[in-house]
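Worksheet: one structure, shown below.
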2 protein chains.
Amino acid sequence: MNRYWSSLTKSLQPYIPGEQTKGQSFIKLNTNENPFSPPRAVIDAINKASCDLRLYPPPEADFLRESIATNFSLTKDEVFVGNGSDEILGFCFPAFFENDKPILFPDITYSFYKVYATLFKVNYKLVPLDDEYRIVPETFTQKNGGIIIANPNAPTGICLSIAEIEIILKNNPNSVVMIDEAYIDFGGTTAVRLIPKYDNLLVIQTLSKSRSLAGLRVGFALGNASLIEALTRIKNSFNSYTLDRLAIAGAIASFNENDYFEKTRKEIMAVRDETANALQKLGFRVLPSKANFLFVSHERIAAKVLFAKLQAAGILVRYFDAPRIDNFLRITIGTAQDMRDLIVNLRMIIGRV
Amino acid sequence: MNRYWSSLTKSLQPYIPGEQTKGQSFIKLNTNENPFSPPRAVIDAINKASCDLRLYPPPEADFLRESIATNFSLTKDEVFVGNGSDEILGFCFPAFFENDKPILFPDITYSFYKVYATLFKVNYKLVPLDDEYRIVPETFTQKNGGIIIANPNAPTGICLSIAEIEIILKNNPNSVVMIDEAYIDFGGTTAVRLIPKYDNLLVIQTLSKSRSLAGLRVGFALGNASLIEALTRIKNSFNSYTLDRLAIAGAIASFNENDYFEKTRKEIMAVRDETANALQKLGFRVLPSKANFLFVSHERIAAKVLFAKLQAAGILVRYFDAPRIDNFLRITIGTAQDMRDLIVNLRMIIGRV
């Protein structure tokens with residue numbers, strides 16, 4: 001603390017991302033990264049773009065927005081791009097929310113939503129998941145100043161259907177409803193098709209997970225052109241060029257490589273389902289996941305103990321010391337070999353405890 | 001406008017960056033980019049880093065911060081890095097300023113400062129430059145909630161001495177004083193040496209101008225560790241990973257290439273001074289610049305007219321339609337050949353009007 005800090009700075013409780021390893025050799029199943037590298041064409045596009053680095057990037061990243069629009073059968077005006085989907089979420093708070101009306105999000109979800117609310121001084125109300133850790137659409141019909149739903153939800157991995165999303169949209173014609181689809185490509189159905197029908201719907205996706213580009217920092221939002229314009233106004237009041245030339249070039253190339261995208265995401269889903277079976281045989285409760293991670297709880301051994309023992313064995317997973325989920329581990333789906341190593345190690349750990 | 005926009009979104013008047021050309025072949029002297037490409041080692045480092053793009057970047061960019069710290073004889077804790085210096089300026093507002101106390105900056109300066117103030121609801125008071133367009137340090141002694149000085153100032157190019165900066169620091173022990181040194185490497189003296197003496201001093205620099213990396217989006221702030229911690233708290237409440245892996249790798253490589261840096265910045269200063277002489281001979285008033293641009297006004301022909309005629313001739317410069325400076329042009333220093341072309345074209349235009 002310091003006398004030069006604003007009262008806001010003093011009040012913050014910043015988000016803590018999953019650990020990045022430095023030097024040590026870990027099997028890294030803690031930050032939901034993709035086990036596959038991005039396709040060669042992405043690397044080539046980046047290398048080509050590195051020639052123009054003396055020049056500013058195009059501030060509105062028009063070519064990238066056109067490329068994303070084409071991919072989703074939308075127009076460029078319905079696409080916003082940002083420095084990771086986290087930045088876009090951060091822009092949504094001042095763009096759409098007022099500090100007098102509480103926004104709604106689940107009690108168990110991406111923990112960054114609370115952090116944004118504190119930073120932007122927006123009140124929020126937590127809506128409890130049911131006993132099976134599911135979002136109940138009908139609980140999002142109370143009065144609110146906005147709604148955020150992660151779908152699939154994090155860290156549970158459980159996904160709502162389009163019909164369930166539509167219940168929330170229909171009941172909230174006066175609020176912006178943000179659907180954070182960071183993990184949608186691993187088995188869920190995107191709400192993008194509802195955009196023409198609901199002008200209060202904003203869908204947010206990222207290239208960090210299903211497109212293997214966590215290190216490039218590119219996310220995007222899809223919605224009615226007027227919602228996109230609000231985000232653009234916030235961005236242009238904060239930072240004209242949030243995406244560098246290399247990120248723009250790599251992201252465009254990524255959307256031209258849909259065969260690779262299909263192949264790798266299906267492989268991850270197959271490995272996820274095998275891993276879920278193997279974990280159940282070891283006595284784990286496994287929540288039904290449509291994400292590239294599993295959220296699991298052992299019948300006998302505390303999650304915190306398993307977390308520490310896996311780390312000692314060279315395997316990093318994620319543990320959240322938070323109400324209702326402090327006996328769960330979130331395990332990212334790595335390669336088939338990573339997951340075999342995980343199961344072998346867990347079998348030994350469980351046998352010993 | 002839209003019923004889903006927040007009242008804040010409706011109130012914004014976003015910053016408008018200089019035009020980026022699409023396709024057409026212009027001599028581009030409008031956004032203060034460096035005419036020299038970054039050194040080969042930067043491109044090589046980026047290409048090498050592109051192998052790890054599936055993984056998140058290190059969230060605090062420790063290696064880059066260490067590299068910058070070494071370059072300025074500081075410690076890593078005294079360095080903050082961001083997605084361009086614009087993002088860092090954006091973080092400074094909520095980190096250090098309260099909305100009840102007006103902050104001070106010059107009436108003629110980087111026009112983004114006003115935009116941030118609106119976005120973060122911070123009141124400000126404009127402090128007039130003198131009749132020679134100079135910042136007068138003694139005018140920054142009035143009561144305030146913070147101070148921002150661009151040094152050299154934009155778009156004038158005029159630079160304060162360290163002694164003058166110190167007058168401002170000495171008279172404001174209760175305010176954070178931000179010195180925005182985007183253009184400092186073109187002839188000014190950085191205030192970094194004052195950091196050990198003043199814990200209220202934050203120096204902000206960028207790799208966009210003197211290090212030829214406008215397209216990579218890397219800026220940094222230097223100051224007392226407690227000021228840096230405040231910025232880190234804001235960043236981690238907004239976006240954990242603002243710098244992608246390629247930006248981190250390229251920036252580290254840039255700080256290892258100081259010979260190239262010295263050679264290119266000196267060449268730009270030499271071309272600037274020759275261009276200033278040539279412009280004076282054509283009847284221009286040229287403000288004394290320590291930046292990579294000149295701010296000039298013709299004795300006879302309106303700036304707006306010259307701006308349009310240069311554009312028609314394929315040369316882009318910057319014109320600001322704002323009080324006190326609406327008869328000036330801001331001209332970026334390009335290559336020696338770019339500047340010869342500029343002078344030839346101006347001579348023809350002036351001869352004809």
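For the residues of A:204-213, the average number of beta carbons from a partner chain within 10 Å of their own beta carbon is 2.
What total accessible area, in Å², is buried where chains A and B meet, using a 1.4 Å probe and rounding to the nearest 100? Can you show the working numbers first?
Values: alone 16620 and 16590 Å², together 26290 Å².
Buried area (both sides, nearest 100 Å²): 6900 Å².
Using a 1.4 Å probe, what is the accessible area per residue for chain A, in Å²?
Working: 13160 Å² over 353 residues.
Solvent-accessible surface per residue comes out at 37 Å².
Taken one residue at a time, the phi angles of the range B:227-232 give Karplus couplings (6.51, -1.76, 1.60, θ = phi - 60°) of 5, 5, 4, 4, 5, 5 Hz. Gly and Pro are set to x. Can you work out D for the range B:172-289 in µm² s⁻¹ from Stokes-Einstein, where Rh is the Kirkwood radius over C-alpha pairs, the temperature is 4 °C and the viscosity is 1.567 mPa s? Result for D is 78 µm²/s.
Rank by packing, highest mean first: peptides A:299-312, B:214-227, A:180-193, B:320-333, with packing defined as the count of other Cβ atoms within 10 Å averaged across residues. Kindly include the intermediate steps, with their values, before the conclusion.
Details: A:299-312: 15.3, B:214-227: 24.9, A:180-193: 21.9, B:320-333: 19.3.
Ranking, from highest mean packing down: B:214-227, A:180-193, B:320-333, A:299-312.
Restricting attention to chain A, close to 55% of DSSP beta bridges with both partner residues there are antiparallel. Taken as Cα centroids, the range A:92-161 and the range B:62-87 sit 35 Å apart, rounded to the nearest whole angstrom.
Pairwise Cα distances in the range A:68-155 exceed 18 Å for 51 percent of all pairs.
Please report the net charge: other residues with Cβ closer than 11 Å to the Cβ of A:R272, K and R +1, D and E -1.
Working: positive: A:R265, A:K266, A:K290; negative: A:E267, A:D273, A:E274.
Spelling it out: positives minus negatives among the neighbours equals 0.
Between B:G314 and any residue 5 or more places off or on another chain, the built amide H atoms are never under 5 Å apart.
Mind checking the mean number of beta-carbon atoms from other chains within 10 Å of the Cβ atoms in A:224-235?
Working: counts 2, 1, 5, 3, 0, 4, 9, 1, 2, 9, 7, 2.
The shielding value for this peptide is 4.
Net charge of the neighbourhood of A:F238, taken over other residues with C-beta under 9 Å away and scored Lys/Arg +1, Asp/Glu -1, is -1.
For the range A:212-251, what does the alpha-carbon gyration tensor say about shape, rounded, prolate or oblate, given a ≥ b ≥ c as the root eigenvalues, a/c under 1.5 as rounded, and a/b over b/c as prolate? Don't skip to the answer; put the middle values down first.
Working: a/c = 2.82, a/b = 1.58, b/c = 1.78.
The shape class here is oblate.
Counting only protein heavy atoms and a 1.4 Å probe, tell me what percentage of the protein assembly as shown's accessible area is made up of carbon and sulfur. Before the final figure, lay out the partial values.
Working: 13160 of 26290 Å².
Roughly 50 percent of what the probe reaches on the protein assembly as shown is carbon or sulfur.
Over the residues of chain B, compute the C-alpha Rg and express it relative to 2.2 N^0.38 Å. Here the answer is 1.00, to two decimals.
Placing +1 at every Lys and Arg Cβ and -1 at every Asp and Glu Cβ, with all other atoms neutral, what dipole size does chain A have around its Cα centre, in debye to the nearest 20? Walk me through the intermediate numbers first.
Numbers: 40 positive and 37 negative charges, 204 e Å.
Roughly 980 debye for chain A.
Filter the cross-link list B:K121/B:K143; B:K143/B:K197; B:K114/B:K281; A:K48/B:K266; A:K197/B:K10 down to pairs whose alpha-carbon distance in this structure exceeds 30 Å.
Working: B:K121/B:K143 19 Å; B:K143/B:K197 22 Å; B:K114/B:K281 36 Å; A:K48/B:K266 28 Å; A:K197/B:K10 24 Å.
Correct reply: B:K114/B:K281.
Taking the DSSP beta bridges with both ends in the protein assembly as shown, the antiparallel portion is around 55 percent.
Using mean Cβ contacts within 10 Å as the protection proxy, how do A:3-15, B:154-166 order, highest first? Working shown, then result.
Numbers: A:3-15: 16.8, B:154-166: 20.2.
For the peptides A:3-15, B:154-166, the packing ranking is B:154-166, A:3-15.
Using only the Cα atoms, work out Rg/Rh for the range A:144-222, with Rh taken as the Kirkwood radius, to two decimals. Walk me through the numbers on the way to the answer.
Numbers: Rg = 12.5 Å, Rh = 12.9 Å.
Across the range A:144-222, the Cα-based Rg/Rh ratio is 0.97.
Within 10 Å of each Cβ of B:195-201, how many other protein chain Cβ atoms are there on average?
Values: counts 0, 0, 0, 0, 3, 3, 0.
Across B:195-201, the average partner-chain Cβ count within 10 Å equals 1.
Near the amide H of A:N2, within less than 5 Å, lie no amide hydrogens of residues on another chain or at least 5 residues away, with H placed in the peptide plane.
Based on the alpha-carbon set only, what is the convex hull volume of the range A:84-242 divided per residue, in Å³?
Numbers: hull volume 17.2 nm³, N = 159.
Per residue, the Cα convex hull of the range A:84-242 comes to 108 Å³.
Net charge within 12 Å of A:Q13 by Cβ-Cβ distance, Lys/Arg positive one each and Asp/Glu negative one each, not counting A:Q13 itself? Net local charge, A:Q13 excluded: +3.
Shape verdict for the protein assembly as shown, please, from the Cα gyration tensor: rounded (a/c under 1.5), prolate (a/b greater than b/c) or oblate. It comes out prolate by the Cα gyration axes.
Can you give the helix-only mean residue ellipticity at 222 nm for chain A, where every DSSP H stretch with n ≥ 4 adds -39500 (n - 2.57) and the sum goes over all residues, rounded to the nearest 500 deg cm²/dmol?
Working: 11 runs with 128 residues, N = 353.
One gets -11000 deg cm²/dmol as the mean residue ellipticity at 222 nm.
Scalar couplings 3J(HN,Hα) for the range A:336-344, obtained by applying the Karplus form with A = 6.51, B = -1.76, C = 1.60 to θ = phi - 60°, are 4, 5, 3, 6, 5, 4, 4, 5, 4 Hz; x denotes Gly and Pro.
Can you tell me what percent of all Cα-Cα pairs in the range A:252-349 are more than 16 Å apart? Could you put the intermediate results ahead of the total?
Values: 2708 of 4753 pairs.
For the range A:252-349, the fraction of Cα-Cα distances above 16 Å is 57 percent.
The values are calculated or read from the model by the stated rules, or taken from the named source; none is laboratory data. Bear in mind the structure is a predicted one, so any value in this text is a computation, not a measurement. Quick reminder, even Gly has a Cβ in these numbers, built from the backbone with ideal geometry, and neighbours come from all protein chains shown. The area values use the complete protein model at the heavy-atom level, side chains included, leaving out ligands, DNA and RNA. Shrake-Rupley method; radii C 1.70, N 1.55, O 1.52, S 1.80 Å.
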